[in-house]
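One structure below.
The values are calculated or read from the model by the stated rules, or taken from the named source; none is laboratory data. Please read all numbers here as calculations on a predicted model, not as lab measurements. Backbone-built Cβ (ideal geometry, glycine too); neighbour counts: all protein chains shown. Surface areas here come from the heavy atoms of the whole protein model, side chains and all, with no ligands, DNA or RNA. Shrake-Rupley method; radii C 1.70, N 1.55, O 1.52, S 1.80 Å.
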Amino acid sequence: MKLNNRDTFIKNLPADPILENSRRQVLQSCFSFVTPKRTKKPELLHVSPEMLENIGISKEEATEKSFLDIFTGNDILPNTKPYAMCYGGHQFGNWAGQLGDGRAINLTEIAHKNNHWALQLKGAGETPYSRSADGLAVLRSSIREYLCSEAMHHLGVPTTRALSLALSGDQVLRDVMYDGNSSYEKGAIVCRVAPSFLRFGNYEIFTARQDYDTLKTLVDYTIKHFFIHLGEPSKETYLAFFGEVVQRTLDMIIHWQRVGFVHGVMNTDNMSILGLTIDYGPYGWLEGFDFGWTPNTTDSQHKRYRYGNQPNIGLWNLYQLANALYPLIEEVEPLESILDQYRTDFESKSLQMMRSKLGLTTVEESDKSLIEELTDILELTETDMTIFFRLLSNFNATNPTEGIEIVQEAFYDLTEISDGFSQKWKDWFYRYANRLEQEGLPAMERKEKMNAINPKYVLRNYMAQLAIDDANKGNYALIDELFQLLKKPYDEQPENEKWFAKRPDWARNKIGCSMLSCSS
């Protein structure tokens, strides 16, 4: 998880070309009004009670037909005008021009108990930004987004949330693996919730078009509504705004690394200006600890968005945001200084995060090499990250020879622990035991601290796939079972011990379990 040393690079982006005739270019506008597509036979599958409370809707109201109609796009709230946002983005490192909300429609914004929420339907039909697509979503990707949004929140990871999951009643044609084998799937709609869905790409598009007036309008709006503590818009405020976005982005990615989450498609149009995890597509949790793993089939060759490269990509994306904001600041040096701080802060925050995973509360110079040695060994054999760190809390510093035995359930194949590897583990456990002796923290207190940082339960891809397989057969019970499980990821939940397990062999190479496409 080291950052690459690269030269700073801040400049104005080139003007955005009209890439193809099928793209409707929406100029000098931040959004376009749009009406959701009416669905044939909508059916509500699940609602988040916590999000109902957060936005001020009662459980009783959520059972009414009006709730179903509004959150499947069949009705519109009085005095509201749904809209889709215009944005651009860098996709896999290349400028893609105008993108926009191709199937996301913002319904309205709600203020409740001093909180501000934007409600957005995903999969509710075409928008001016859909290009040649249908603007719809299928059940499998909607289940994954619905469950993961809420799971990430309860893990303590900054994220967009999810209010509801519904079937549209329509059939949607999709080519899951982009191999020419299209088939019809159940259509679905997720209502996503966040203070704002603004992305880096919302700002990039206007600088690319040299539309600096609209850029300033959007940045000023963002500061007024979401960064009001920074003061009135000015050059200094714009820099402070950028600095805060940098820190929020870094903190989010540190959390990703902590729980072993891989986003899979960190394009700039998938980066929230509020530092929230957004757009749950081909994501995944590390099964075997591997800095080089990506869940995205599109990224399988170059692995740009692999687990170990996420901090670097975060920085790269922030450089593109700096490019976008430059016309309002017109000074390179202060932007470079803020970006350089990202590197410095990543090193310190990442080290502190790994200390916390090991139950270390004090600071020793040797900690960095202790951690690097551990991650090196973890990559030598296929070792489940979540299980390893959770079981490590049971380590007895007075008897380090039992170290391997304590964490053995994390190994996929114990026969891979050859004599050489076994000795590496023994040496590390002795180092770790000595470090814990220096720490002097009582074993039970250390265990509690570690278990509050290292989750026991995460949404493994095979778990989501089981829920998807059942749902395709009309059985939706597992959606709720996983939803309830993932609300308390750090609790022991002995009744749910079956989910504290490595990926089963049948899921190793199964579509939807090992790697995923962007098809949704």
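Tell me whether segment 254-403 comes out rounded, prolate or oblate; compute the Cα gyration tensor, take square roots of the eigenvalues as a ≥ b ≥ c, and use a/c under 1.5 as the rounded threshold. Oblate, because a/c is 1.5 or more while a/b does not exceed b/c.
Accessible surface ranking for Thr80, Thr222, 1.4 angstrom probe, highest first: Thr80, Thr222. Taking every lysine pair in segment 403-489 that is 8 or more places apart or spans two chains, those with Cα atoms closer than 18 Å amount to 5.
Each peptide among 319-326, 242-249 gets the average number of other Cβ atoms lying within 10 Å of its residues, and from highest to lowest they stand as 319-326, 242-249.
For segment 271-286, the Karplus equation 6.51 cos²θ - 1.76 cosθ + 1.60, evaluated at θ = phi - 60°, returns couplings of 10, 6, 5, 9, x, 10, 5, 9, 6, 7, x, x, 8, x, 9, 4 Hz by residue, with Gly and Pro reported as x. Note on Ala443 and Arg248: with the Förster distance fixed at 51 Å, the Cβ-Cβ geometry gives a FRET efficiency of about 0.90. Can you give me the C-alpha center-to-center distance between segment 422-446 and segment 195-265, rounded to a whole angstrom? Computed from Cα coordinates, the inter-centre distance equals 41 Å.
Between Thr361 and Thr35, the modelled label-to-label distance comes to 6.1 nm, taking each label 7 Å out from Cα in the direction of the beta carbon. Magnitude of the charge dipole for segment 375-490, about its Cα centre and with charges confined to Cβ atoms of Lys, Arg (+1) and Asp, Glu (-1), is about 480 debye.
Each peptide among 66-75, 307-316 gets the average number of other Cβ atoms lying within 10 Å of its residues, and from highest to lowest they stand as 307-316, 66-75. When +1 charges are put on Lys and Arg Cβ atoms and -1 charges on Asp and Glu Cβ atoms, the dipole computed for the chain relative to its Cα centre reaches about 1040 debye. Ligands, DNA and RNA aside, Tyr430 has an accessible area near 110 Å² when probed at 1.4 Å. Pull out a ≥ b ≥ c, the square roots of the eigenvalues of the alpha-carbon gyration tensor of segment 35-78, then state rounded if a/c is under 1.5, prolate if not and a/b is larger than b/c, and oblate in the remaining case. Judged from the Cα gyration tensor, segment 35-78 comes out prolate (a/c at least 1.5, a/b above b/c).
For the chain, the solvent-accessible area of protein heavy atoms averages 41 Å² per residue (probe radius 1.4 Å; ligands and nucleic acids excluded).
Each peptide in 284-293, 140-149 receives the mean, over its residues, of other Cβ atoms within 10 Å, and ordering these scores from highest gives 140-149, 284-293.
Placing pseudo-labels 7 Å out from each Cα toward the beta carbon at Leu27 and Asp345 gives an inter-label distance of 3.8 nm.
Suppose only helical runs count, i.e. DSSP H with n ≥ 4. What mean residue ellipticity at 222 nm does that imply for the chain under -39500 (n - 2.57) per run, divided by all residues and rounded to the nearest 500 deg cm²/dmol? Don't skip to the end; give the middle numbers.
Working: 15 runs with 201 residues, N = 520.
After summing the helix terms and dividing by the residues of the chain, the value is -12500 deg cm²/dmol.
Accessible surface of Lys81, taken over heavy atoms with a 1.4 Å probe and every protein chain present, rounds to 140 Å². Per-residue SASA remark: His116, around 70 Å² accessible (1.4 Å probe; ligands, DNA and RNA not included). Contact order for the chain, expressed relative to its length and based on alpha carbon pairs under 8 Å spaced 6+ residues apart, stands at 16 percent.
Taking 56 Å as R0, compute the FRET efficiency from the Cβ-Cβ separation of Tyr221 and Tyr430 and round it to 0.05.
0.45
Can you give me the orientation-averaged projected area of the convex hull built on the Cα atoms of the chain, in nm²?
Working: hull surface 99.5 nm².
Projected area, direction-averaged: 24.9 nm².
With an a/c value of 1.5 or above and a/b larger than b/c for the gyration tensor axes a ≥ b ≥ c computed over the alpha-carbon atoms, segment 240-331 is described as prolate. For the pair Glu60 and Asn472, a Förster radius of 45 Å applied to the C-beta separation gives a FRET efficiency near 0.90, rounded to the nearest 0.05.
Taking amide H as placed 1.01 Å from N in the peptide plane, the amide H of Ser393 sits under 5 Å from none that are at least 5 places away or on another chain. Within the accessible surface of segment 333-386, defined with a 1.4 Å probe on protein heavy atoms only, the carbon and sulfur portion equals 49 percent.
Projecting the Cα atoms of Gln210, Tyr307, Gly284 onto the charge dipole of the chain (Cβ charges, centred on the Cα centre) puts Gln210 farthest toward the positive pole.
Whole-Hz Karplus values for segment 233-246 come out as x, 6, 4, 5, 5, 4, 5, 5, 4, 4, x, 6, 4, 4 Hz, taken residue by residue from phi with 6.51 cos²θ - 1.76 cosθ + 1.60 and θ = phi - 60°; glycine and proline positions read x.
In this structure, the amide hydrogen of Phe31, modeled 1.01 Å from its nitrogen in the peptide plane, lies closer than 5 angstrom to those of Cys86, counting only residues at least 5 positions away or on a different chain. For segment 271-324 versus segment 50-70, the spacing of their alpha-carbon centroids is 34 Å.
Projecting the Cα atoms of Gln438, Ser369, Ala464 onto the charge dipole of the chain, computed from C-beta unit charges around the Cα centre, puts Ala464 farthest toward the positive end. For Glu185, nonlocal amide neighbours, meaning residues 5 or more places apart or on other chains whose placed amide H falls under 5 Å from its own, are Val172, Leu173, Arg174. What the phi angles of segment 203-220 give under the Karplus curve with 6.51, -1.76 and 1.60, with θ = phi - 60°, is a coupling list of 8, 4, 4, 6, 5, 4, 8, 6, 9, 6, 5, 5, 4, 5, 4, 5, 5, 4 Hz, glycine and proline written as x.
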